[in-house]
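Since every read-out is calculated from the coordinates, none of them should be taken as a lab result. Just so it is clear, the model here is predicted, and its values are computed rather than measured. Heads up, the Cβs are rebuilt from the backbone with ideal geometry, glycines too, and the neighbour counts pull from every protein chain shown.
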Amino acid sequence: MPEGARNPGTDAGRKSPEASAPGSAAKDEAPGRTGIIFDIKRFAIHDGPGIRTTVFLKGCPLACKWCHNPESLLPQPEHAWRRDRCVRCGVCIEACDRGAIAWEDGRPVHDPARCVLCGQCVQACPTGAREIIGRRASAAQIMAEVERDIIFYDESGGGVTFSGGEPLMQPALLGELLAACRRRQIHTAVDTTCHAPWDVLESLRGSVDLYLCDIKHADSAAHERLTGVGNALILENLRKLAHLGERITVRVPVIPGLNDDEANVAATGRLISSLDGVTDVDILPYNEGGRSKLARLARDEEPPDIKAPSPEHMAAIAQQLAAFGLTVKTGG
Amino acid sequence: MNERVTHLRTQSVETKPYISSERAELITAFYKSGEIEKVSVPVGRALAFRYLMEHRTISIGEGELIVGERGPAPKATPTYPELCCHSLQDFEIMATRERTPFQVSDQVRRVYAEEIIPFWSGRTIRERLFGAMADGWHQAFEAGVFTEFMEQRAFGHAILDDKIYRHGFLDFKERIAAHRRRLDTLNDPRAFDKDEELRAMAICADAIILLAERYAAVARELAETETDPARKAELLTIAEVCSRVPAHAPRTFHEALQAYWFAHLGVITELNTWDSFNPGRLDQHLHPFYAGETAHGTLTRDQAVELLECFWIKFNSQPAPPKVGITEEQSGTYQDFALINVGGVKADGADAINEVSYLILDVVRQMQLIQPSAAVQLSKKSPDRLLARACEIIRTGLGQPSMFNTDTIIKEMLHDGKSLADARCGGPSGCVTVSAFGKESCTLTGYMNWPKILEVTCCGGVDPNSGREIGHATGDPRTFGSFEQFFEAFRRQLEYFVDVKIAGNNFIERLYATSMPAPYMSILMDDCIEKGRDYHNGGARYNPTYIQGVGLGTLTDALTAVRYHVYDRGTVSMDELLQAMRANFDGHENLRRTLAHKTPAYGNDDDYADETAERIFNAYFDMLDGRPNTKGGAYRVNLLPTTVHIYFGAVTGALPNGRCAGVPLSEGISPSQGADLKGPTAVFKSAARIDHARTGGTLLNMKFSPQVLAGDGIIHLAALIRSYFRLDGHHVQFNVVDADTLRAAQEDPEAYRNLIVRVAGYSDYFVDVGRRLQDEIISRTEQQTA
């Protein structure tokens, strides 16, 4: 997933009956395309200018070792269990018709093979420990939520950021959302890995005000080792976007031991400065938010043993990149 | 801060508050003399005031430029036995309590035991008030359904306008005399009453001038023996200033500040007003003096700052007099709620910001004191640099300034029938309630415990704490077939208690009007002189009365839980819910969790919850707004708690939103603690659902951890405030600390003595506010960023 969108919480436990009803301002929207999103975060202040709402689309073609939003990877909804919220009351076990949850060492353990994501356990759980991450939503439903903070966008020069996952994996929904924002004159940003067919990016031209594009490693082989894909397509897309004069902020995650060596930082700096008209760079320190989320998803993967970079280290990297004539911000 | 100010500030901050019995002794001696029985009530009170001014101690501290204290010295706190008389036990409690203690000497206790208590026992306003209230009132009061301000302190919320900067008390005396001459004793049946009121005011005008002259005389004496020539010159200047003001209109910046301070001392010595008097729009009042003097070269910016800082210290040295009969949990503050306004608009509607506005903000930032509080009035015309400056100070974690929306304030005042010009020249007073400065008796009568009333509704009119039937018999909720019926029962219950409270208020207003007039304050408040009527008797131009609604967040969530789980989804029966509440959820843990975690909650911009908030507000508004009080004014709605949400929480049992018995209520219009999970924009949207323009003030508290406001965060803060105000929000204030810091402060109070937090309508030292309030502040949701 792109690096800007940090740690969205999920809050399936607090959905009110009308939360998903389209607002009146969205009446001109046809029910239209739907897609899978896993969160809508308001007062996002690190994903582009001003006060923003960030919409997280689910599914990502990359699998970065350090991913702090592991719930964003799979394109489909999935079950999650928040250990810290669970009080071991067993209500979920009783609620499940399929016997997909059973006691195991005093814990209600979930069996994905039996689960059909019906949501009975989520409904029954009194503490919000059971969640389904990812829900199908229409553009109209998403826009109704987005529009709630228009007054804050207006005052702050903010808008909406589409993030993920990789928002370009759901091009039809994304296109419809961007068009709806355009009609309402809401500033849009797309937070993307740029790992997508050029056709997709081409189809969105004219409806994106700002691209937030990641460069996770300058070397393609290393990129593939760290994220599962090489960076050739990513860089080609970036060059094209830059050449077309799109506004781009490059975001560089700083992952100690993986991409923060001097040589890679220099190569990254050279690479960015070679992009037409691109000068804005955000460097984003690694954070450990993904660790607890992995546990929630009951994935087998071991969380990576990475420490957050020190402020001094971040400052040194900022300085190194600034030497390429770039405007560097730490933290986005 | 220069050396002088640093010294004075240290002295003010480090001196421990203590009780002075001087005022009590003087007032008792005067009442015992029998003089008061020979004259009318207002004249008697005026003579008492004069006696105080003649005999009280004059105190000029080392290095002071602005002079005068409420008691005989800084932090010496007088008492008001004619209103309510402290017992020896009260003194013991206040002297030994851990937080906000007052030292009480053996001498004070002896004087009280021998003279003060024996004389006042049975005669105080407090005793007369309690003696006259109906049974229903007592039952509700004891159950914690509402509080009563006037059992402890006199009517207050009086804020001064610009009159003392343009006129002296000799001018006021002349005006009083003119009105006396014009009285029509043949045709006006109130002529005698008016004459007595006016005579009383004239006596008080002389008395305050006398006090200033006594200060001038002491300054001259001190100058004679002073060996340091610089200090000698200062003392002679003080003598000259005190000879000039407040008898005459001030001519200089220094005289203007001293004139206000004498006016202030008069008000807080005459009676113990709720809340402290204050100068209101200080930047407006001082600007002509500042501009004139700096242009003529008689005042430098540094001198003006020094004088303002000395003025600030004066407020800080006057702790609020401790209350009677209650513990620190209910009344844990030295704050006397002086709220100095900066910004806003002028009478003609133009932006009012001036150089002194920024000067004052600099002083606020420098002084880091809990008193006086500063408020920034932000109108749509206010420049962004004013907002930016305010945000910079907010970011330091001072808890000040609080932010007020001038455009909404004006609408609120127009709703109360004020003229446009008076509305524009007013602002928030004390905590958050609006007032037309210099022209209004803005009376807050007590807090209404909304969630308690829901509890009583759930029990069909019975208070489950006592088992007594204290409310209206609204029926057994298990027989209600719909949420509409449930809400209507609550509404009727609320209306019953509002009626009980108003009936009490009507008596109390007349008690003060007839027995405890305030002829000195009446000089300062338009149109008491013109009407020949006391401030407590409808003399002011505007006379609204408030019963402050408390617990909007808690009540909304509780009603929403009933609507959602019992009626809309049908997953919980009313019987089950009531049983669980009765058991304080003991044995019903899963139900409690479901109610607490899986109910749409106020503060999340969720229509399902917020429409209930709106409905509660509208119901309260409809039953209260516009009802007449005894002063020719009307009841209005405001929503603020000060610290009473702690006390109200303690007396309120378990509620349908899964809140357990004893837990603090939500404060102001803020969400229930921890219930807002969608960030600050959602909180602002929810808070703006109620129509602030139909209130006299609302209080919204937000807490940010420092990192949210670092760097560009300050721009986001400014945008949040502007957005909320575009939505007609009345007020917002910010705490900028993280929970870990607060916990550390609880563990090691000594190391965090300087930590200031915004409590409700004011800031206080965190280590002073009481453990439970500390815990409550910590639990308020930190607004996390994405």
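Which of rounded, prolate or oblate describes segment A:78-133 when judged by the alpha-carbon gyration tensor and an a/c cut-off of 1.5?
The shape class here is rounded.
Sorted by mean Cβ packing within 10 Å, highest first, what order do the peptides B:149-156, A:192-199 take?
With the highest mean Cβ count within 10 Å placed first, the list reads B:149-156, A:192-199.
Using DSSP to define loop residues, name the trypsin sites (Lys or Arg not before Pro) in segment B:524-592 whose beta-carbon has at most 15 other beta-carbon atoms within 10 Å.
Filter output for segment B:524-592: B:569.
Treat every Asp and Glu Cβ in segment A:78-133 as -1 and every Lys and Arg Cβ as +1, leave all other atoms uncharged, and give the resulting dipole magnitude about the Cα centre to the nearest 20 debye. If you can, show how the numbers build up before the last one.
Numbers: 8 positive and 8 negative charges, 25 e Å.
Result for segment A:78-133 is approximately 120 debye, rounded to the nearest 20.
Can you put B:203, A:101 in order, fewest other beta carbons within 10 Å first?
Going from sparsest to densest Cβ surroundings: B:203, A:101.
In whole Hz, with x marking every Gly and Pro, tabulate ³J(HN,Hα) for segment B:443-455 from phi via Karplus 6.51 cos²θ - 1.76 cosθ + 1.60, θ = phi - 60°.
9, 9, 9, x, 8, 10, 7, 4, x, 4, 5, 5, 4
When the Karplus curve 6.51 cos²θ - 1.76 cosθ + 1.60 is applied with θ = phi - 60°, which whole-Hz ³J(HN,Hα) does each residue of segment B:353-370 get, with x for Gly and Pro?
4, 8, 4, 5, 4, 5, 4, 5, 5, 4, 5, 4, 5, 5, 6, 6, 10, 7
Once you've got the Cα coordinates, tell me which of B:411/B:531; B:16/B:38; A:58/A:240; B:439/B:703; B:598/B:685 are over 30 Å apart.
Violating the 30 Å limit, Cα to Cα: B:16/B:38; B:439/B:703.
Which of B:32/B:323; B:501/B:631; B:452/B:501 have a Cα-Cα distance over 20 Å?
Pairs exceeding the cut-off: B:32/B:323.
Tabulate in residue order the Karplus-calculated ³J(HN,Hα) for segment A:204-214, using 6.51 cos²θ - 1.76 cosθ + 1.60 with θ = phi - 60°, rounded to whole Hz; enter x for Gly and Pro.
The phi angles translate into 8, 4, x, 10, 10, 7, 8, 9, 10, 10, 8 Hz.
Under the rule of at least 5 residues apart or a separate chain, name every residue whose amide H is placed under 5 Å from the amide H of residue A:276.
Amide H neighbours of residue A:276: A:243.
Using amide H atoms built 1.01 Å from N in the peptide plane, name the residues 5+ places from residue A:254, or on other chains, whose amide H lies under 5 Å from its own.
Excluding prolines and chain starts, which carry no amide H, the hits are A:284, A:286.
Quick one: which of A:250-260, A:136-146, B:403-413, B:547-557 comes out on top by average Cβ neighbours within 10 Å, and what's the full order, highest first? Let's see the in-between values first.
Working: A:250-260: 21.1, A:136-146: 22.8, B:403-413: 24.8, B:547-557: 29.3.
For the peptides A:250-260, A:136-146, B:403-413, B:547-557, the packing ranking is B:547-557, B:403-413, A:136-146, A:250-260.
Could you work out the mean count of beta carbons from other protein chains within 10 Å of each residue's beta carbon in A:137-149?
The shielding value for this peptide is 1.
For chain A, give the magnitude of the charge dipole about the Cα centre (Cβ charges: +1 Lys/Arg, -1 Asp/Glu; no others), in debye to the nearest 20.
Roughly 660 debye, rounded to the nearest 20.
Toward the positive end of the charge dipole of segment B:509-646, about the Cα centre and with charges on Cβ (Lys, Arg +1; Asp, Glu -1), which of B:629, B:608, B:537 goes farthest?
Selected residue: B:537.
Please work out the FRET efficiency for the pair residue B:291 and residue A:243, using the Cβ-Cβ distance as r and a Förster radius of 60 Å; give the result to the nearest 0.05. Before the final figure, lay out each step's value.
On the way: r = 58 Å, r/R0 = 0.97.
After rounding, the FRET efficiency stands at 0.55.
State the antiparallel share, in %, of DSSP beta bridges confined to chain B, rounding to the nearest 5.
Approximately 30 percent, going by the DSSP bridge assignments.
With the dipole of the protein assembly as shown worked out from charges on the C-beta (+1 for Lys and Arg, -1 for Asp and Glu) around the Cα centre, which of B:673, B:241, B:400 lies farthest toward the positive end?
So the residue furthest toward the plus end is B:673.
Which of the pairs B:163/B:346; A:65/A:329; B:163/B:314 have their Cα atoms more than 18 Å apart in this structure?
Beyond 18 Å: A:65/A:329; B:163/B:314.
Go through A:201-211, B:392-402 and give me the packing order, highest mean Cβ count within 10 Å leading. Each step should come with its number before you reach the end.
Numbers: A:201-211: 17.8, B:392-402: 22.5.
In decreasing order of mean packing, A:201-211, B:392-402 become B:392-402, A:201-211.
Count, for each residue of B:711-721, the Cβ atoms from other chains sitting within 10 Å of its Cβ, then give me the mean as a whole number.
Numbers: counts 3, 7, 1, 0, 6, 8, 1, 2, 11, 5, 1.
That works out to 4 on average.
Taking amide H atoms as placed 1.01 Å from N in the peptide plane, list the residues 5 or more away in sequence, or in a different chain, whose amide H sits under 5 Å from that of residue B:340.
Counting only residues 5 or more places away or on other chains, the set is B:373, B:374, B:375.
Average partner chain C-beta neighbours within 10 Å, per residue of B:598-605?
Whole-number average of other-chain Cβ neighbours for B:598-605 is 4.
Using label points projected 7 Å from each Cα along Cα→Cβ, tell me how many nm separate residue B:300 and residue A:279, to one decimal.
Going by the 7 Å Cα→Cβ label model, 4.3 nm.
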